Amino acid sequence: MLIRKSKKLEYNDIEKLYMLAFGEKEGPIILELVHNLFKDNSAIPFLSLVALEDEKIVGHILFTKALIENIEANVQILAPLAVLPEYQNKGFGSELIRQGLDSLREQGVSLVFVLGYPKYYSKLGFMKDAKKYGFEAPYTIDEKNKDAWTVQELAPGIIGKEKGKIKCSDSLQKEEYWKE
Ligand SMILES: CC(C)(COP(=O)(O)OP(=O)(O)OC[C@H]1O[C@@H](n2cnc3c(N)ncnc32)[C@H](O)[C@@H]1OP(=O)(O)O)[C@@H](O)C(=O)NCCC(=O)NCCS
């Protein structure tokens, strides 16, 4: 397994990967999101990593810039993440997350948010129900899904001291991505 930054020419492979991982129904929606995020100035700085096995791209993760209203902080949001079906449950997703977080930490990012499976992300250091810590999602998350809105602190100093609502890049700041 090799994790590295994606290259511009790999866009077609990344596109195919999202279609295969998310299927015919959800795939095109996620694909459009990735497409928009890649050309969205408000998403910069972003971090786009691929996972390779035998030189084949089998996984992709994207972190993009977010803001916390009224707070000066380097914040990123993880979305989306996918691993090819036949390579799932082999640790590629977790390793993309771990190496992505290491790289963001080195770049001085202090908080990373993700809306996703709480059981999966909590094993990788994300804390469930970020609203409980004072960080409201860009759109209201259903009470039954509150644990899916998670946060991880990469550098201490914000959680417990600051509070605020998260604002994402223009491409992610759409209600459709925040509903079930
Ligand atoms: C979710 C996903 C990214 C995980 O990547 P992965 O490489 O398969 O996961 P890993 O091998 O690192 O970790 C495996 C763990 O993920 C869990 N997992 C996999 N898919 C899951 C799902 N749909 N819901 C909850 N947990 C899931 C497994 O149960 C396993 O848990 P365990 O460690 O307790 O056994 C991958 O399965 C995927 O691409 N799924 C389809 C697309 C998707 O749903 N993406 C969501 C993120 S936006």
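Structure notes:
- Checking each residue in segment 52-62 for being surrounded by 14 or more Cβ atoms within 10 Å (Cβ to Cβ) and either over 18 Å from residue 31 (Cβ atoms) or modelled with pLDDT under 95 (or both) picks out 52, 53.
- Only one entry of 153, 106 meets the criterion of being more than 21 Å from residue 26 (Cβ to Cβ), modelled with pLDDT of 95 or more and surrounded by fewer than 16 Cβ atoms within 10 Å (Cβ to Cβ), and that entry is 106.
- Among residues of segment 118-140 that are on the phi > 0 side of the Ramachandran plot and at pLDDT 95 or above, none has a beta-carbon under 7 Å from a residue that is of a type in the set (Val, Ile, Thr) and within 12 Å of the ligand (Cβ to nearest atom) at least six positions away or on a different chain.
- The condition of being touching a helix residue (DSSP H, G or I) at 6+ places or on another chain (Cβ under 8 Å) and not in a helix (DSSP H, G or I) holds for only one of 75, 50, 109, that being 50.
- Segment 17-42 residues that are within 16 Å of residue 83 (Cα to Cα), paired with ones that are surrounded by 13 or more Cβ atoms within 10 Å (Cβ to Cβ) and hydroxyl-bearing (Ser, Thr, Tyr) (beta carbon under 6 Å, 6 or more apart): 27/18; 30/18; 31/18
- Looking across segment 106-141, the residues that are more than 19 Å from residue 74 (Cβ to Cβ) and more than 16 Å from the ligand (Cβ to nearest atom) come down to 129, 131, 132, 139, 140.
- Scan segment 116-150 for residues that are in a strand (DSSP E or B), buried (at least 19 other Cβ atoms within 10 Å of the Cβ) and not polar (S, T, N, Q) and the total you get is 2.
The values are calculated or read from the model by the stated rules, or taken from the named source; none is laboratory data. Keep in mind the model is a prediction, meaning the values are calculated, not measured. When we count neighbours, we look across all protein chains shown, and the Cβ atoms used for this are built from the backbone with ideal geometry, even at glycine.
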